[in-house]
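The values are calculated or read from the model by the stated rules, or taken from the named source; none is laboratory data. This one's a predicted model, so the numbers in the text were calculated from it and none came from an experiment. Cβ placement follows ideal geometry from the backbone for every residue including glycine, while neighbour counts extend to all protein chains displayed. Just so you know, the surface numbers come from the protein's heavy atoms only, side chains and all, with ligands and any DNA or RNA stripped out. Shrake-Rupley method; radii C 1.70, N 1.55, O 1.52, S 1.80 Å.
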Amino acid sequence: MAEKTKAELGFNHIMIDIEALGTQRDCVIVSVGATRFNLSTGKIESKKYWELSMREQQQKGRTISADTVQWWSYQSTSTIMALQSNERKPILDFIKEFDQFIEGKCFFWAKGTNYDLEIISDLYRLYEQKPPFRYSKWVDARVYYFIGKYFGILPQLENQSAHNALEDATFQTKVVCAIHAAMQKHIPRRNQK
């Protein structure tokens with residue numbers, strides 16, 4: 001009997017967050033954080049963090065926004081220090097590792113799919129790689145945040161390390177799973193066949 005994949009074991013949700021030097025699809029990505037989780041149980045199976053080569057991206061024509069750089073200059077010292085890391089991963093190495101992390105049939109979450117997932121997809125296309133996720137599998141975490149706020153079930157959690165891609169992905173996963181758990185208590189599930 002074949003061993004089940006992580007996705008088949010219920011860990012078929014991936015939360016993705018990026019930090020970037022712009023808001024356009026072709027902006028330089030500073031870092032990517034991702035969690036693999038089970039939406040029904042709230043358990044995070046694994047996490048991964050990548051700091052991408054900004055110089056390589058610029059050489060390939062990706063852009064930097066002066067407004068975004070100015071915005072970064074007002075962030076915490078630890079956040080700014082992360083921008084200055086020398087441990088930057090070549091883009092094709094990142095793509096290979098990212099593909100391995102997200103293997104299986106998964107749903108891809110982001111707090112704004114038109115930002116994080118679009119920018120990563122654009123990076124893949126620049127390197128002549130097939131984008132790693134289909135739009136039909138994108139889930140916008142902002143919908144859950146809206147439901148949580150509207151129905152008074154938004155958890156009172158605090159993100160201690162905002163603007164760190166892995167910390168943000170982890171925090172967003174916890175919020176989405178807490179809201180999902182609250183909804184499960186009040187919405188009966190249909191029998192799955």
Unmet criterion (only one of (1) in a loop (DSSP other than H, G, I, E, B); (2) over 18 Å from the mean Cα position of the chain (by Cα)) for GLY148: (1)
How about region 1-87: which helices (runs of 4 or more DSSP H) wholly inside it have at least 3 residues that are under 20 Å from GLU167 (Cβ atoms)? 66-73, 77-83
Tally the residues that are of a type in the set (Lys, Arg) and either without any contact (Cβ under 8 Å) to a residue 24 or more places away in the chain or open to solvent by less than 50 Å² (accessible area, probe 1.4 Å) (or both), restricting the search to region 54-65. 1
Looking only at residues that are under 25 Å from CYS177 (Cβ atoms) and of a type in the set (Phe, Trp, Tyr) in region 73-122, which one is surrounded by the fewest Cβ atoms within 10 Å (Cβ to Cβ)? PHE107
For a quick check of your reading of the model, give me the residue pairs whose first member lies in region 66-79 and is among the small types (Gly, Ala, Ser), whose second is in a helix (DSSP H, G or I) and surrounded by 12 or more Cβ atoms within 10 Å (Cβ to Cβ), with beta-carbon atoms closer than 9 Å and at least 6 apart or on different chains. SER73/ILE80
Please specify each residue of region 102-144 satisfying the condition of being of a type in the set (Phe, Trp, Tyr), in a helix (DSSP H, G or I) and modelled with pLDDT of 95 or more. TYR124
Conditions (1) open to solvent by 40 Å² or more (accessible area, probe 1.4 Å); (2) within 19 Å of ASP168 (Cα to Cα) -> GLN70 fails only (2)
Looking at region 80-92, is at least one residue within 17 Å of the chain's Cα centre (by Cα) and of a type in the set (D, E, K, R)? no
Test: PHE94 is outside any helix (DSSP H, G or I) and among the aromatic types (Phe, Trp, Tyr): no
